[in-house]
1. Six or more apart or on different chains, Cβ atoms under 9 Å: show the pairs whose first residue is in segment 53-66 and in a loop (DSSP other than H, G, I, E, B) and whose second is surrounded by 10 or more Cβ atoms within 10 Å (Cβ to Cβ) and of a type in the set (Lys, Arg).
2. Looking only at segment 41-51, which residues are of a type outside the set (Val, Ile, Thr) and either in contact with a strand residue (DSSP E or B) (Cβ under 6 Å, 6 or more places away or on another chain) or within 11 Å of the ligand (Cβ to nearest atom) (or both)?
3. Determine whether Arg30 is away from the ligand (no atom under 16 Å from the Cβ), of a type in the set (D, E, K, R) and at pLDDT below 90.
4. Looking at segment 68-76, can you tell me whether even one residue there is of a type in the set (Ser, Thr, Tyr), within 16 Å of the ligand (Cβ to nearest atom) and either modelled with pLDDT of 90 or more or loosely packed, with under 13 Cβ neighbours inside 10 Å (or both)?
5. Out of the residues in segment 52-67 that are at pLDDT 90 or above and either more than 14 Å from the ligand (Cβ to nearest atom) or of a type in the set (A, V, I, L, M, F, W, C) (or both), which is surrounded by the fewest Cβ atoms within 10 Å (Cβ to Cβ)?
Amino acid sequence: MRAPDELAERTAADRQAYLEDGLSDLSCRRCDGVVRVKKNSLAHTSIQWTTDAVSRCPAYTGRDGCPHLQREVSAALTRGQLVIPGG
Ligand SMILES: [Zn+2]
């Protein structure tokens, strides 16, 4: 869970997008960049990179994103932080 003051820093637009799109924040443990992630299916993950996350991440490539973050997605699924729709 995030601290309340951290949540308060988000814009209303961000909250709205979160509610509508089902995106979850996920941070890369390597570079501390925060991206928004949504699992569409087992094989398909949507990741919204912010410019801040891209600039922080030394491993980021436009094609593959961050390999460390891919592992974070798997870990988040295991924890139940990310849910695959329909199972
Ligand atoms: Zn990274």
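1. Cβ pairs passing all conditions: Cys57/Arg30; Pro58/Arg30; Ala59/Arg30; Cys66/Arg30.
2. To start, the set of residues in segment 41-51 that are of a type outside the set (Val, Ile, Thr) comprises 41-44, 46, 48-49.
Once the filter is applied, which keeps residues that are of a type outside the set (Val, Ile, Thr) and either in contact with a strand residue (DSSP E or B) (Cβ under 6 Å, 6 or more places away or on another chain) or within 11 Å of the ligand (Cβ to nearest atom) (or both), segment 41-51 yields Ser46, Gln48, Trp49.
3. Values: away from the ligand (no atom under 16 Å from the Cβ): no; of a type in the set (D, E, K, R): yes; at pLDDT below 90: yes.
The answer is no for Arg30.
4. Going through segment 68-76, the residues of a type in the set (Ser, Thr, Tyr) turn out to be 74.
Narrowing the set further to residues that are within 16 Å of the ligand (Cβ to nearest atom) leaves 74.
Right, trim to either modelled with pLDDT of 90 or more or loosely packed, with under 13 Cβ neighbours inside 10 Å (or both) and you get 74.
Taking every residue of segment 68-76 in turn, at least one turns out to be of a type in the set (Ser, Thr, Tyr), within 16 Å of the ligand (Cβ to nearest atom) and either modelled with pLDDT of 90 or more or loosely packed, with under 13 Cβ neighbours inside 10 Å (or both).
5. Ala59
The values are calculated or read from the model by the stated rules, or taken from the named source; none is laboratory data. All values derive from a computational prediction rather than experimental measurement. All Cβ positions, glycine included, derive from the backbone under ideal geometry; neighbour counts span all protein chains shown.
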